[in-house]
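Novice: One structure coming up, written as structure tokens, with questions to follow.
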Amino acid sequence: MADYIRANGLYRRDFVATSATVRELKQHDGQRVELQGWVYKLRAKGKLAFLHLRDGSGIVQTIVNKQEVGEEVFARIKTLTQEAAIRLRGTVKLDERAPGGVEVAVDDLEVVSEVEGEYPISLQAHGIDFLLSKRHLWLRSSQQHATLRVRSEVIQAIHDFFYARQFVHVDAPVFTPAACEGTTNLFEVKYFDDTAYLTQSGQLYMEAAAMAHGKVYCFGPTFRAERSKTRRHLTEFWMVEPEMAFAGLDDVMDLAEEFLESIVQRVLERCPEELATLERDTSSLERVKRPFPRVTYDEAVKLLQDQGHEFEWGNDFGAPDETAISAHFDRPVLVHRWPKAIKAFYMRPDPDDERLVLGVDVIAPEGAGEVIGGGERATDLGFLLEQIKLHELPQEAFEWYLDLRRYGSVPHGGFGLGLERLVAWICGREHVREAIPFPRTLYRKEP
RNA sequence: UCCUCGGUAGCUCAAUGGUAGAGUAGGUGGCUGUUAACCACUUGGCUGCAAGUUCGAAUCUUGCCCGAGGAGCCA
């Protein structure tokens, strides 16, 4: 075939070559295809070269025979290095000797661009400092590639989940006049002659939107200027925050459960190759099916104490506590009814126990920690005014929020989910920084 | 902010007071089925910065810079 094409001067770009992507290559068995991408790995022997091509959809082994492509092209191939950009044409063959069971016998190849010097990220092990400084290139590595594909699938699944349930997508502002919850440190920015802050949560705005639309959610970046330095923290991260009017704590817990099940099962169904690339043991993900265990804060404290952990009622759980609690269960666990003092000012008090509020956290298994926090919101105007004083928040900044209680207040609630924590858990990544394209952490804002 | 660990070749690391080394990447040559290919040869260094101790410092001391893990706080 290639000889015929060359002999007749026909082997130009489009001749009998269907453009294809690596991911769908098995459907083109026996056909001549055109692929374009980057050199992932090259093993050139005397008269035979194995060139692994990465095209964004996957990686495939191509085989270049000196006799097939001629001296000139073969010599050119031997000068290529990792990440050179190329376009090639050849015949797809199913072959057991090739990784992935399919390969392309190349008959023509052109170089789109060569690599200047050497590519910094070799196939050997690298340290995290180096990789993060080369994040713009690290994105090309197969596990990072797979992680961001899963992130994309998760984001799509989130929108589909809410769309199917008649939630309205409402964007929250990024510039805010004051702290939403008054607890964490915010990033301050100049706002003309005034000061504004980058949002730490869209929740209060979602409460307003829920009174307009019934069921709403926002999905956007949030910012925390905390000096946290752990594998669970970023200064900029993405959060999904649904909010429902006429909903109580049980409705919020039901939604959280259905939501997590739906997202995880969707990734299992649509991203098996990515999870395999990530060497993720999927058995724990397969167990993410309703119903999830639900324990009260009191019961969780008892679990810890029975295990011999020193833990005082009234404290918040630290990361080791969360891991110890989740170790009792084989799927995410909902912890509800928390001490009032450690939760946000807007939480609704538990009518059965005034020390508690109707909040819920969802702790993911395998040490992934808290992925969801939420609950039922306080509706009583007098109570909220007290809380604002108690937390030393500026009441003027919350007048609009208090209006929601003045004009047709109804029971309502919702939760916030940290996207990177969810993606890191699903992907089995140790650190959330791999679950976002360009992580922003305490000591790193580049690239 | 606090605690712990680290910084040596492009990268990953070794060298515990006495000539700075290996693997890998890069370069050259060989090889028609490689799978982290292999074989031979080869380029590559202000040991994070500054001062000190010492005949002699990558190594010991002090200070600083940079990064990582964790705590607190949170998603």
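Novice: Can you classify region A:2-113 as rounded, prolate or oblate using the Cα gyration tensor, where a ≥ b ≥ c are the square roots of its eigenvalues, rounded means a/c under 1.5, and otherwise it's prolate if a/b beats b/c and oblate if not?
Specialist: rounded
Novice: Next up: Provide the descending list of Cα extents for region A:132-435 along its principal axes, expressed in whole angstroms.
Specialist: Largest to smallest, the principal-axis extents are 54, 53, 39 Å.
Novice: Tell me, in nm to one decimal, what length is gained between residue A:289 and residue A:226 on full extension, where the rule is 0.36 nm per residue of separation less the Cα-Cα distance?
Specialist: 19.3 nm
Novice: Moving on. Cα convex hull of region A:322-381: mean projected area in nm², to one decimal?
Specialist: Taking the Cα atoms of region A:322-381, their convex hull projects to 4.4 nm² on average.
Novice: Just to verify a number: FRET efficiency for residue A:31 and residue A:213, C-beta to C-beta distance, R0 = 51 Å, to 0.05? Provide the component values of the computation, followed by the final result.
Specialist: Numbers: r = 50 Å, r/R0 = 0.99.
Using R0 = 51 Å, I get an efficiency of 0.50.
Novice: Excluding residue A:381 itself, calculate the net charge of residues whose Cβ lies under 12 Å from the Cβ of residue A:381, where each Lys or Arg counts +1 and each Asp or Glu counts -1.
Specialist: On the way: positive: A:405, A:406; negative: A:380, A:386, A:399, A:403.
Surrounding charge for residue A:381 is -2.
Novice: Put +1 on the Cβ of every Lys and Arg and -1 on every Asp and Glu Cβ in region A:55-177; which of A:177, A:57, A:86 then has its Cα farthest towards the positive end of the dipole?
Specialist: A:177
Novice: Quick one: net charge around residue A:47, please, counting Lys, Arg +1 and Asp, Glu -1 for every other residue with C-beta under 12 Å from its C-beta. Provide the component values of the computation, followed by the final result.
Specialist: Numbers: positive: A:45, A:66, A:78; negative: A:68, A:71.
Taking every other residue near residue A:47 into account, the sum is +1.
Novice: Let me ask something additional. Tell me the Rg and the Dmax, in Å, that the Cα atoms of region A:171-252 produce.
Specialist: Computed over the Cα atoms of region A:171-252, radius of gyration and Dmax are 14.1, 45 Å.
Novice: Starting from the Cα-Cα distance between residue A:126 and residue A:93, subtract it from 0.36 nm times their residue separation and give me the gain in nm to one decimal. Provide the component values of the computation, followed by the final result.
Specialist: On the way: separation 33, 0.36 × 33 = 11.88 nm, distance 3.43 nm.
My answer for the length gained is 8.4 nm.
Novice: Could you state the angle between the C-alpha long axis of helix A:297-306 and the longest principal axis of the C-alpha atoms of chain A, as a value from 0 to 90 degrees rounded to the nearest 10?
Specialist: Helix A:297-306 sits at roughly 70 degrees to that axis.
Novice: Build a GNM of chain A with springs between Cα atoms under 10 Å: which of A:390, A:417, A:285 gets the top mean-square fluctuation?
Specialist: A:390
Novice: Related question: Can you tell me the accessible area per residue over region A:200-307, all protein chains present, probe 1.4 angstrom, in square angstrom? Mind dumping the intermediate values first?
Specialist: Numbers: 4610 Å² over 108 residues.
That works out to 43 Å² for each residue.
Novice: Using a 1.4 angstrom probe and counting only protein chains, how large is the accessible area of residue A:50 in Å², to 10?
Specialist: 50
Novice: At 7 Å along the Cα-to-beta-carbon direction for both residue A:48 and residue A:18, put a label point, then send me their distance in nm to one decimal.
Specialist: It works out to 2.8 nm between the two label points.
Novice: With a 1.4 Å probe and every protein chain left in place, work out the accessible area per residue of region A:345-447 in Å², rounded to a whole number. Don't jump to the answer; show the numbers that get you there.
Specialist: Numbers: 4260 Å² over 103 residues.
On a per-residue basis, 41 Å².
Novice: Report relative contact order for region A:174-303 in percent, whole number only (criteria: Cα-Cα under 8 Å, sequence separation at least 6).
Specialist: Rounded, it is 18 percent for region A:174-303.
Novice: Another question about this same structure. In debye, nearest 20, what is the charge dipole magnitude of region A:2-113 about its Cα centre with +1 on Lys and Arg Cβ and -1 on Asp and Glu Cβ, if you could check?
Specialist: I would put it at about 260 debye.
Novice: Something else: For chain A, which whole percent of the accessible surface, found with a 1.4 angstrom probe, sits on carbon and sulfur atoms?
Specialist: Numbers: 10420 of 21510 Å².
About 48 percent, which is the carbon plus sulfur part of the accessible surface.
Novice: Whole Å is fine, so just give me how far the alpha carbon centre of region A:199-260 lies from that of region A:98-121.
Specialist: Spelled out, the Cα-based centre of one part sits 44 Å from the other.
Novice: Also: To the nearest Å, what is the center-to-center distance of region A:60-81 and region A:395-446, using C-alpha atoms only?
Specialist: 51
Novice: Give, in nm to one decimal, the length gained when the segment between residue A:159 and residue A:323 is fully stretched (0.36 nm per residue of separation minus the Cα-Cα distance). Provide the component values of the computation, followed by the final result.
Specialist: Details: separation 164, 0.36 × 164 = 59.04 nm, distance 2.93 nm.
Difference between extended and current length: 56.1 nm.
Novice: Return a whole-number percent for the relative contact order of chain A, with Cα pairs under 8 Å and 6 or more residues apart as the contact set.
Specialist: Taking the mean separation of contacting Cα pairs over the length of chain A, I get 13 percent.
Novice: Still on this structure, please answer the following. What angle do you read, to the nearest 10 degrees and between 0 and 90, between the alpha-carbon axis of helix A:249-270 and the longest principal axis of chain A?
Specialist: Orientation of helix A:249-270: about 10 degrees from the principal axis.
Novice: May I ask which of A:78/A:134; A:26/A:78; A:66/A:134; A:229/A:340; A:78/A:445 have a Cα-Cα span longer than 31 Å here?
Specialist: On the way: A:78/A:134 26 Å; A:26/A:78 27 Å; A:66/A:134 35 Å; A:229/A:340 27 Å; A:78/A:445 38 Å.
Violating the 31 Å Cα-Cα cut-off are A:66/A:134; A:78/A:445.
Novice: Which of the GluC sites (Glu not before Pro) found in region A:196-300 are in a DSSP loop and have at most 10 neighbouring Cβ atoms, other than their own, within 10 Å?
Specialist: Loop-located and lightly packed - A:279.
Novice: Rounded to the nearest 20 debye, what is the charge dipole size of chain A about its Cα centre when +1 sits on each Lys and Arg Cβ and -1 on each Asp and Glu Cβ?
Specialist: 1820
The values are calculated or read from the model by the stated rules, or taken from the named source; none is laboratory data. The model shown is predicted, which means the values in this text are computed figures rather than measured ones. Note that we place each Cβ from the backbone using ideal geometry, even for glycine, and neighbour counts take in every protein chain shown. Only protein heavy atoms, including side chains, enter the accessible area calculation; ligands, DNA and RNA are left aside. Shrake-Rupley method; radii C 1.70, N 1.55, O 1.52, S 1.80 Å.
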